Amino acid sequence: MKFLEYEAKKVFGEYGIPVPKSALIRSPDEVSACLDGFDSAVVLKAQVDVGGRGKAGGIVMAEKSDAVKAAEDLFSREIRGVPVSEVLVEERLAIAHEYYLSITIDRSGKHPVILFAEAGGVDIESAAEERPEAVRKALVSPLLNEVPQFLIRDLIRGAPVEIGGVINRLYHVFCDRDALLAEINPLVITPAGVYAADAKLIIDDNALRRQGISVNRDLTDREREAEKHGFSYVELDGDIGVIGNGAGLTMSTLDLIDYHGGSAANFLDVGGGAGRERVMHAVRLVAGMPSVKVIIVNLLGGITLCDEVAQGIIDAGVPQQVIVRLAGTNEEAGRRILAGRDYLMVASMEEAVRAGVEAVQ
Amino acid sequence: MIYGGRDPGIIVQGATGKQGVFHIGLMNAYAREVGGQGVVAGVTPGRGGQEVHGVPVYDSMREAMENHDASVSVIFVPAAAACDSVMEAAHAGCDLVVAITEHIPVHDTMKAVEYARLHGASVIGPNSPGLLSPGEVKLGIMPAHLFSPGSVGVVSRSGTLTYEVVDELSRAGIGQSTVVGIGGDPVIGQTFVDVLARFEDDPQTKAVVLIGEVGGNLEEEGVSFTDLPVVAYIAGVSAPPEKRMGHAGAIIEGGEGDARSKIRRLRELGVPVASRPSEIPELIKEML
C-alpha cells in the first residue's frame, strides 16, 4: 500500500530523517491559520497518488501573501484526473544540491538494495538509463540490522557525510515498516543541512496486518469486497468477465481473449480449492459489473471439485451467460449438474475463450 | 529428479494443518504408485507423538531428522511462521526446502532464503506448487494425473498455468523429466537460472519449457545462462501496466518488466516464444 507524501514524511521524521517544516490542510480556508509558522516563501503540494505530480501542476510555489489564492486554485484542480482533497504546505528550502536516495528490493539479488545518485530530481530515470554508472548501488544482507559503514562510504563518496546517517535511518524505516520502497527524491543540501524534500513509502500488502494497517486504500470498493473473500480482482474496459484459479492461469486466459480479438471487463482469481460458496460469491461479484456481457469460468486443478463449482455457478443465478471450463475431480458430475441448463460447458481454455469472444460479437 | 536422488525421504512441516494432512495423503499415494518412500515424518510444534495417515509427527525438525533418513522438507506452515520453518529445515540439515505457503511478507522471505543459502540448503518458493518428477517423486501440491514421464523439463513461476501447459504436453505425447514451480513472489529461492543449471546437468532433460510472468527480468537472465533448447511462454501480455513503484523499480529493472519487452528480449536471445499455451507442444517438438 502506498503512503502519501505527508504520511511518508511523518514516518521518516520519526526515524530522525530531517524533513521540511510543514502543515497539512484539507481546504483553502485553513491556509491563513497555518502560515504563521513559516518565515516567507512556501510550497503547496497536492497530496495525490500520481506519478509526475510536479509536471502536472500539483506543486505550486507561493509567497505568504498569495498563498490563499494559490491554495484555492490548487484545491479546484485535478492532477492527472485525481481531485485534490489534501495539500501539504511546506517551508521553501534554499536548495544547494539535489541527490537521489532510495531503498528497494533487488529481485535477482534477493536482498535490499540502496540506490544513490549525485544528481537527483525529476529526471532521475532518464539519467539512469543514459548513464547507468551515475546510480550507485549496494546490496545489504537481509540478516544485518545496520548498513555496514564501508558500504555507506562507498555509496556517498564525495557527498556530504551527513547523508550516511540518512541512509542508515532510511534503512531502518525500510526494514521496520516492511517496505517495498522507501525513496527520497530529491534529498537536498541546504545551508541548514540535509532534508528529505519529497518522500515515497510503499508497504508490502502481505505485511499490512502486522503493520497495524486494517484497510488497504489502494483498492476500490469492489476490490476490497473481493479481498474479504480471499479473491484478487481487477477491473478493465472490455465486456467479458473472467474467473480463474491462480494468477498465471487467469492472466493467460486474459491474453487468450486478447489474442482472439475480445477484451475482458474484469478478472477474478478465486485462489486454491474453490468450493460451492466461494464460487457463488465470485460469479456474483464478476457479474455485478454492468459492462460484463458474458462470463468465462476457467478452473483447473487437482483439488478443485467440479460438482461443487457447478453448484456454486447455479447458486449465483446471474443473468449473463456463463461459459465453463472445468478440469479436476468429479468432472463428469459437474457436467451433469450444468447439463440441460443455460450454461455452456467446454473442454479446453481455447474453446472457452472462443465461445466467450463469439458471444459478445 | 534434478535435486538430489530420485527417492528422497520427505518431511512435511505444518503436518497437522488442513493442507498438510490433505497433501501428505496425496504425496504418499503417489509414492506408493511409483514405489518411493514418500513422506517419512511430519513436524508441528506441540503436536509431537501424533500420526497423520500413519506418518509420525514430531515437535521439531531436529527430532524428525534424528529419527528418519530425510533430505527434503515441504512446508505448509501459515505465512506468519513459514519463514521460521524454512530456517529450521535448513538448520536441521535439509538439502532442499519446498515452501508452498503464500502471502509471506517479502522481508521474511529475504531473511529465510539468505539463511538457508548460508546453511547450504536450496529453497523452492515460497508461493510454489512444488516439484514433480513423473514416475519418481512428488514434492508439493501438483495434480499428478496430468503428468507423464519423458525428456522435457518445465520451469514456471505459476501454479495452475503450469498444470495447463503440462496437460497440453501430455496430451501431445510429450513427457516431462522434472516440473518445477519456482513460485510467483518477488523474492524466491531457486530462480530460473538455478533450475536451468540443474536441467543442464540432468541427462534425462533434452529441452525446457519456461513459463514466465510480467515483472522482473529473471526469465531473460535464466535463458542467457543455458545451452539447452528452450521454448518460452509469458503470461500477462494484455495485463494492465503494473502499478509503478517510484523510480527505483524502473532503475533496477531498466524499466522493462512488462510482458511484451520481456518477449522481445527472449526472442533476441534466440528463444521461440509461444503466443498461447496450445502452441507450446509444436514448438517443443521442433526442438527435440
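Just a few scattered comments:
- Selection status of A:GLY241, modelled with pLDDT under 90 and in contact with a helix residue (DSSP H, G or I) (Cβ under 8 Å, 6 or more places away or on another chain): no
- When A:LYS137 is tested against the conditions (1) open to solvent by 50 Å² or more (accessible area, probe 1.4 Å); (2) more than 10 Å from chain B (Cβ to nearest Cβ); (3) farther than 25 Å from A:GLY54 by Cβ, the lone failure is (2).
- Hits in the stretch B:1-24 (condition: hydrophobic (A, V, I, L, M, F, W, C) and either open to solvent by less than 30 Å² (accessible area, probe 1.4 Å) or not in a helix (DSSP H, G or I) (or both)): B:MET1, B:ILE2, B:ILE10, B:ILE11, B:VAL12, B:ALA15, B:ILE24
- Scan of the stretch A:92-136 for residues that are of a type in the set (Val, Ile, Thr) and assigned to a loop (DSSP other than H, G, I, E, B), ordered by number: A:ILE95, A:VAL122
- Evaluation of B:GLY125 against (1) within 14 Å of another protein chain (Cβ to nearest Cβ); (2) in contact with a helix residue (DSSP H, G or I) (Cβ under 8 Å, 6 or more places away or on another chain) (one fails), failing number: (2)
- Enumeration of residues in the stretch A:3-46 that are in contact with a strand residue (DSSP E or B) (Cβ under 6 Å, 6 or more places away or on another chain), part of a loop (DSSP other than H, G, I, E, B) and surrounded by 16 or more Cβ atoms within 10 Å (Cβ to Cβ): A:ILE17, A:PRO18, A:VAL19, A:PRO20, A:PHE38
- Note on the stretch A:194-227: residues that are assigned to a loop (DSSP other than H, G, I, E, B), farther than 27 Å from A:ARG278 by Cβ and touching a residue at least 40 places away in the same chain (Cβ under 8 Å) amount to 3.
- Residue in the stretch A:84-91 that is more than 30 Å from A:GLY164 (Cα to Cα), outside the structural domain of A:ILE163 (by TED's automatic domain parsing) and not in a loop (DSSP other than H, G, I, E, B) present: yes
- Qualifying residue in the stretch A:175-185 (condition: in a loop (DSSP other than H, G, I, E, B), among the small types (Gly, Ala, Ser) and under 29 Å from B:ILE104 (Cβ atoms)): no
- Among the residues of the stretch B:142-164, those that are more than 13 Å from chain A (Cβ to nearest Cβ), outside any loop (DSSP other than H, G, I, E, B) and open to solvent by 10 Å² or more (accessible area, probe 1.4 Å) comprise B:PRO149, B:GLY150, B:SER151.
- Counting only residues that are over 18 Å from A:GLY272 (Cβ atoms), crowded, with 17+ Cβ neighbours inside 10 Å and either free of Cβ contacts under 8 Å to residues at least 24 places away in the same chain or in contact with a Gly (Cβ under 6 Å, 6 or more places away or on another chain) (or both), the stretch B:25-35 holds 3 of them.
- Of residues in the stretch A:181-230 being of a type in the set (S, T, N, Q) and closer than 19 Å to A:ALA159 by Cα, the one farthest from the other protein chains (Cβ to nearest Cβ): A:THR190
- Subset of the stretch B:175-190 (residues that are within 16 Å of B:VAL209 (Cα to Cα) and modelled with pLDDT of 95 or more): B:GLY175, B:GLN176, B:SER177, B:THR178, B:VAL179, B:VAL180, B:GLY181, B:ILE182
- The stretch B:239-288 - residue that is at positive phi and open to solvent by 20 Å² or more (accessible area, probe 1.4 Å) and, of those, modelled with the lowest pLDDT: B:GLY255
- Some residue of the stretch A:149-161 being within 10 Å of another protein chain (Cβ to nearest Cβ), of a type outside the set (Phe, Trp, Tyr) and open to solvent by 50 Å² or more (accessible area, probe 1.4 Å): no
The values are calculated or read from the model by the stated rules, or taken from the named source; none is laboratory data. Values in this document were obtained by computation on a predicted structure and should not be read as measured data. Using ideal geometry, Cβ is built from the backbone for each residue, glycine included, and neighbour counts are taken over all protein chains shown. Quick note on the areas: whole protein, heavy atoms, side chains included, nothing else; ligands and nucleic acids left out. Shrake-Rupley method; radii C 1.70, N 1.55, O 1.52, S 1.80 Å.
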